[in-house]
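Okay, structure first, notes after.
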């Protein structure tokens, strides 16, 4: 049976991915800070704060013991805030960077021993150049950093495939946190999930632009 782990599995895209994989008979470990939202989808649910090294290490250890060596690894955890540099509280800036970037590092760092030799690692990024707008400095900076991190990781882990997904607007609750109108052509989480899985099956690595 194919195995996967999804970090941030209770979010819009994470939950859509989880649903697709379970329907296709994958054994999926769902790592989330809202475990009760997912217990009806998979028995392999692990509660963790992705900004805590201790919780991240414990979570991936427990997840891999549940499902075995991991073939598909997805980091879909994320958060956003709209606040200008002149007013954003430092702890709010740090939270956004921690969830979107440092959490990706921690999850990767502690997951590597539990991955299959040729595992596929997928990071949910963003078309950051479109997000360099007033109030979105923390989020845009974190997503740019994520791409740089993933590119470096690909050179370190050459037997493994690394993909950074750059979707356009996606109709998830994240949009409710920013003063931006959701475009009429926004993608659904289900569409993004399906495209990610198609890319996985096609052997994709590198940047995956979705529009």
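Derivation of every value follows stated rules applied to the coordinates shown; laboratory data play no part. Since the structure is predicted, the reported quantities are computational estimates derived from the model, not experimental observations. Using ideal geometry, Cβ is built from the backbone for each residue, glycine included, and neighbour counts are taken over all protein chains shown.
Our Cα-only numbers for segment 60-150 put the radius of gyration and Dmax at 15.1, 47 Å.
Could you tell me the calculated FRET efficiency between residue 40 and residue 62, based on Cβ-Cβ distance and R0 = 25 angstrom, to the nearest 0.05? Walk me through the numbers before you get to the answer.
On the way: r = 20 Å, r/R0 = 0.79.
That pair, residue 40 with residue 62, gives E of 0.80.
Derived value for segment 1-75: Kirkwood hydrodynamic radius 11.8 Å. Basis is the mean of 1/r over every pair of different alpha-carbon atoms.
Determine, from the Cβ-Cβ distance of residue 49 and residue 116 and an R0 of 25 Å, the FRET efficiency 1/(1 + (r/R0)^6), rounded to the nearest 0.05. The partial results should precede the final answer.
Numbers: r = 26 Å, r/R0 = 1.04.
Efficiency, rounded to the nearest 0.05: 0.45.
Centre-to-centre separation between the Cα atoms of segment 23-85 and those of segment 168-206: 19 Å. Pairwise Cα separations in the chain fall into 5 Å bins from 0 onward with the following percentages, short to long: 1, 8, 16, 21, 22, 17, 10, 4, 1, 0, 0.
Listing 127, 80 from fewest to most neighbouring C-beta atoms within 10 Å gives 127, 80. By how many degrees, 0 to 90 and rounded to 10, does the Cα axis of helix 189-201 deviate from the longest principal axis of the chain? With both axes taken from Cα atoms, the answer is about 50 degrees. Modelled label positions at residue 147 and residue 185, each set 7 Å beyond Cα in the direction of Cβ, lie 1.9 nm from each other.
Considering all projection directions equally, how large on average is the shadow of the alpha-carbon convex hull of segment 121-211, in square nanometres? Can you show the working numbers first?
Numbers: hull surface 24.1 nm².
Mean projected area for segment 121-211: 6.0 nm², to one decimal.
Please list, by residue number, everything in segment 170-208 whose backbone N is under 17 Å from a paramagnetic label point 7 Å out along Cα→Cβ of residue 129. The answer is 207-208. When shorter helices are ignored and each DSSP H run of at least 4 residues is given -39500 (n - 2.57), the per-residue value for the chain at 222 nm works out to -11500 deg cm²/dmol.
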